[in-house]
């Protein structure tokens with residue numbers, strides 16, 4: 001104890017005390033926190049667990065029973081979730097779009113706030129509110145055995161239905177009023193299929209009756225091919241087309257040439273001496 | 001008389017030889033002589049030497065640099081040849097961070113080799129080649145009086161000897177044949193035609209043609225279309241059709257005809273809440289339960305539009321940002337488009353599939369000359 005007391009004025013002493021306090025508080029919290037959302041324990045009812053999560057995290061905007069909240073000006077504070085289905089929860093919560101950080105032009109993907117188990121509980125609860133699209137099965141999103149035929153057909157569907165907003169290379173693009181269509185290259189296969197079924201935000205719906213699950217899987221195969229294809233022409237500069245390439249050509253290429261020319265012209269070091 | 005005979009001036013103006021004779025240098029001699037010049041010509045400043053001129057060590061260093069660049073370039077050229085055979089350009093060839101190794105190495109080696117040769121040559125010229133100042137004088141642009149006189153004499157002599165002015169028959173027939181040379185050009189312009197006729201004003205849509213999903217050719221039932229749905233559609237004529245008895249009716253168009261008709265007939269089918277739609281009185285009932293069908297071709301310059309915002313009912317053209325409100329008869333909300341998007345009157349056939357109830361009532365796509 002003598003050692004401790006002699007070091008109490010050490011510059012790092014305060015830091016150590018704070019750390020100790022934080023660790024203690026954290027351990028106490030984890031020891032005594034209320035046990036929520038642990039679906040690993042046998043016999044947990046997904047729907048009732050999801051209901052608990054929903055009341056805490058979603059009901060503020062979507063209403064205690066997912067009925068939605070209408071504002072005085074007759075717009076949605078949070079839209080009703082009856083009939084949106086499990087797929088909608090899996091997409092909105094699984095990509096971090098929900099819970100919404102703040103209202104805006106569109107819900108932005110961010111760090112996912114719930115664990116996969118919690119998301120499936122929420123999905124089970126919302127699905128129980130009314131019939132809606134289910135989360136696609138793994139066979140609907142598996143493109144590991146896609147043939148060239150399927151990729152080509154998927155490409156035709158992609159170019160007809162998706163490229164207008166998401167860009168021919170699935171890099172995404174700008175939309176009116178500050179909105180944007182996100183890049184699809186970092187989106188999981190399941191979320192892409194769900195987005196087509198649901199039409200989240202301003203995105204149109206492409207339901208299974210018009211573009212069949214097989215055709216959706218072909219589109220997915222094409223996007224997967226886009227992600228993995230070898231770049232023969234060097235860096236694609238974000239696949240934004242002639243604008244970025246022109247910018248690079250003029251600023252990068254011509255700029256480098258002009259800079260080099262000016263530099264060469266200035267290389268005129270003189271010795272200030274006579275020849276011996 | 002040629003302009004190459006400019007004097008090359010050594011470093012001090014004393015030794016400049018004034019150009020002589022009736023030359024093209026104008027007043028150069030006056031300037032150089034300094035006569036009547038209120039400010040005396042200061043001449044060229046004294047030459048300053050480069051480090052490589054005065055220091056043999058620097059000179060050897062520059063020499064090594066230049067030779068080093070050329071040798072490195074040679075090595076890279078050899079590396080290019082090696083890479084050509086070592087790496088396959090096929091889709092299954094090696095890759096490096098997503099880039100094709102073949103293209104990457106070929107480009108880098110040859111590009112760097114040529115760059116090094118260029119940089120080496122510049123370095124050689126800047127550091128090692130002879131370094132002295134040169135004065136070049138401006139000359140008047142006109143030829144000398146003698147040259148001009150000589151040319152005129154030759155021209156008049158040619159005109160006299162050819163008899164161009166004398167032999168009117170020969171001259172006029174030549175002028176006539178030359179004038180007729182313009183005629184073949186005009187005749188060949190005919191092949192730019194034939195005139196489009198009414199092709200710009202018409203599409204293949206007419207009453208009874210099914211509206212089908214583009215690419216797959218699948219017909220569309222209204223109950224399969226959800227609120228917020230977008231379907232990029234085409235007339236059923238463009239797709240092979242399976243009949244009930246198992247036979248296949250081939251598409252009515254093929255090849256170039258198909259492409260020509262397809263670009264004009266492309267439509268989009270959207271569904272929105274019926275109460276959101278505010279149709280013109282003449283267009284009430286043009287949709288089916290909130291499902292509306294519009295031309296996909298922008299009325300500005302004809303880009304295919306399908307940026308559909310399902311919540312605002314706005315359709316945006318990606319080319320020039322023309323925005324159409326499909327809930328309000330395709331009205332232009334923003335952008336350079338001058339006309340609303342043409343709407344197709346749709347209904348359902350006896351099997352319950354979406355069909356056109358008439359063709360487009362106005363030309364689709366951009367304005368053209370005859371349309372005003």
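The rows are residues; the columns are (1) within 14 Å of another protein chain (Cβ to nearest Cβ); (2) closer than 15 Å to residue A:229 by Cα.
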| residue | (1), (2) |
| --- | --- |
| B:58 | yes, no |
| B:62 | yes, no |
| B:74 | no, no |
| B:79 | no, no |
| B:82 | no, no |
| B:97 | yes, yes |
| B:107 | yes, no |
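Before we move on, is residue A:199 crowded, with 17+ Cβ neighbours inside 10 Å and over 20 Å from residue A:217 (Cβ atoms)?
Against the criterion (crowded, with 17+ Cβ neighbours inside 10 Å and over 20 Å from residue A:217 (Cβ atoms)), residue A:199 does not qualify.
Report the residue count in segment B:288-316 for those that are part of a loop (DSSP other than H, G, I, E, B) and closer than 20 Å to residue B:228 by Cβ.
Within segment B:288-316, residues that are part of a loop (DSSP other than H, G, I, E, B) and closer than 20 Å to residue B:228 by Cβ number 9.
If you scan segment A:147-160, which residues turn out to be part of a helix (DSSP H, G or I) and either more than 10 Å from chain B (Cβ to nearest Cβ) or within 13 Å of residue A:223 (Cα to Cα) (or both)?
A:148, A:149, A:150, A:151, A:152, A:153, A:154, A:155, A:156, A:157, A:158, A:159
Are any of the residues in segment A:17-34 touching a helix residue (DSSP H, G or I) at 6+ places or on another chain (Cβ under 8 Å) and modelled with pLDDT under 90?
Looking through segment A:17-34, none of the residues is touching a helix residue (DSSP H, G or I) at 6+ places or on another chain (Cβ under 8 Å) and modelled with pLDDT under 90.
Quick one: residue A:13 ticks every box in (1) over 30 Å from residue A:116 (Cα atoms); (2) loosely packed, with under 10 Cβ neighbours inside 10 Å; (3) at pLDDT 75 or above except a single one, so which number is it?
The number of the failed condition is (2).
How many residues does segment A:221-276 hold that are facing chain B (nearest Cβ under 9 Å) and under 30 Å from residue A:190 (Cβ atoms)?
Within segment A:221-276, residues that are facing chain B (nearest Cβ under 9 Å) and under 30 Å from residue A:190 (Cβ atoms) number 5.
Quick one: count up the residues across segment B:289-318 that are within 12 Å of chain A (Cβ to nearest Cβ) and under 19 Å from residue B:212 (Cα atoms).
6
Taking the conditions exactly as written (in contact with a helix residue (DSSP H, G or I) (Cβ under 6 Å, 6 or more places away or on another chain) and crowded, with 16+ Cβ neighbours inside 10 Å), does residue B:101 satisfy them or not?
Here the answer is no, as residue B:101 does not meet what is asked.
If you check residue B:141 against the conditions, is it more than 14 Å from chain A (Cβ to nearest Cβ) and touching a residue at least 40 places away in the same chain (Cβ under 8 Å)?
no
Given (1) more than 10 Å from every other protein chain (Cβ to nearest Cβ); (2) buried (at least 16 other Cβ atoms within 10 Å of the Cβ); (3) modelled with pLDDT of 90 or more; (4) over 22 Å from residue A:202 (Cα atoms), identify the lone condition not met by residue B:234.
(1)
Can you pull out every residue in segment B:85-95 that is over 32 Å from the mean Cα position of the chain (by Cα) and more than 9 Å from chain A (Cβ to nearest Cβ)?
B:85, B:86, B:87, B:88, B:92, B:94, listed by residue number.
Going through segment B:197-224 one residue at a time, which ones are more than 14 Å from every other protein chain (Cβ to nearest Cβ) and closer than 30 Å to residue A:156 by Cα?
Result: B:199, B:200, B:201, B:202, B:203, B:204, B:205, B:206, B:207, B:208, B:209.
Of B:134, B:117, B:122, which residue is under 27 Å from residue A:264 (Cβ atoms) and either loosely packed, with under 12 Cβ neighbours inside 10 Å or touching a strand residue (DSSP E or B) at 6+ places or on another chain (Cβ under 9 Å) (or both)?
B:134
Given the condition farther than 23 Å from residue B:132 by Cα and more than 9 Å from chain A (Cβ to nearest Cβ), answer yes or no: does some residue in segment B:40-50 qualify?
Yes, there is a match, as at least one residue in segment B:40-50 is farther than 23 Å from residue B:132 by Cα and more than 9 Å from chain A (Cβ to nearest Cβ).
Let me spell it out: the conditions are (1) over 23 Å from the mean Cα position of the chain (by Cα); (2) more than 8 Å from chain A (Cβ to nearest Cβ); (3) not in a helix (DSSP H, G or I), and residue B:327 meets all of them except one. Which number is the exception?
Exception for residue B:327: condition (3).
Among the residues of segment A:40-59, is there at least one that is under 24 Å from the mean Cα position of the chain (by Cα), surrounded by 14 or more Cβ atoms within 10 Å (Cβ to Cβ), outside any helix (DSSP H, G or I) and modelled with pLDDT of 85 or more?
There is at least one residue in segment A:40-59 that is under 24 Å from the mean Cα position of the chain (by Cα), surrounded by 14 or more Cβ atoms within 10 Å (Cβ to Cβ), outside any helix (DSSP H, G or I) and modelled with pLDDT of 85 or more.
Of all residues in segment A:215-244, count the ones that are at pLDDT 85 or above and surrounded by 15 or more Cβ atoms within 10 Å (Cβ to Cβ).
Qualifying residue count for the region: 12.
Which is more than 17 Å from the chain's Cα centre (by Cα) and surrounded by 12 or more Cβ atoms within 10 Å (Cβ to Cβ), of A:264, A:193?
From the options A:264, A:193, the qualifying one is A:264.
Looking only at helices (runs of 4 or more DSSP H) that fall completely inside segment B:25-144, which ones have 3 or more residues that are at pLDDT 85 or above and over 30 Å from residue A:148 (Cβ atoms)?
In segment B:25-144, B:51-54, B:56-86, B:101-127 are the helices (runs of 4 or more DSSP H) which contain 3 or more residues that are at pLDDT 85 or above and over 30 Å from residue A:148 (Cβ atoms).
If I ask for residues that are more than 9 Å from every other protein chain (Cβ to nearest Cβ) and part of a helix (DSSP H, G or I), which ones from segment A:164-197 would you list?
The answer is A:166, A:178, A:189, A:190, A:191, A:192, A:193, A:194, A:195, A:196, A:197.
Quick check on segment A:67-80. Is at least one of its residues assigned to a helix (DSSP H, G or I) and within 25 Å of residue A:184 (Cβ to Cβ)?
Scanning segment A:67-80, I find no residue that is assigned to a helix (DSSP H, G or I) and within 25 Å of residue A:184 (Cβ to Cβ), so the answer is no.
Could you say whether any residue in segment A:201-214 is facing another protein chain (nearest Cβ under 8 Å), assigned to a helix (DSSP H, G or I), over 23 Å from the mean Cα position of the chain (by Cα) and at pLDDT 90 or above?
no
The values are calculated or read from the model by the stated rules, or taken from the named source; none is laboratory data. A quick note: this is a predicted structure, and the numbers were derived from the prediction, not measured. In this analysis, Cβ positions are derived from the backbone assuming ideal geometry, glycine residues included, and neighbour counts consider all displayed protein chains.
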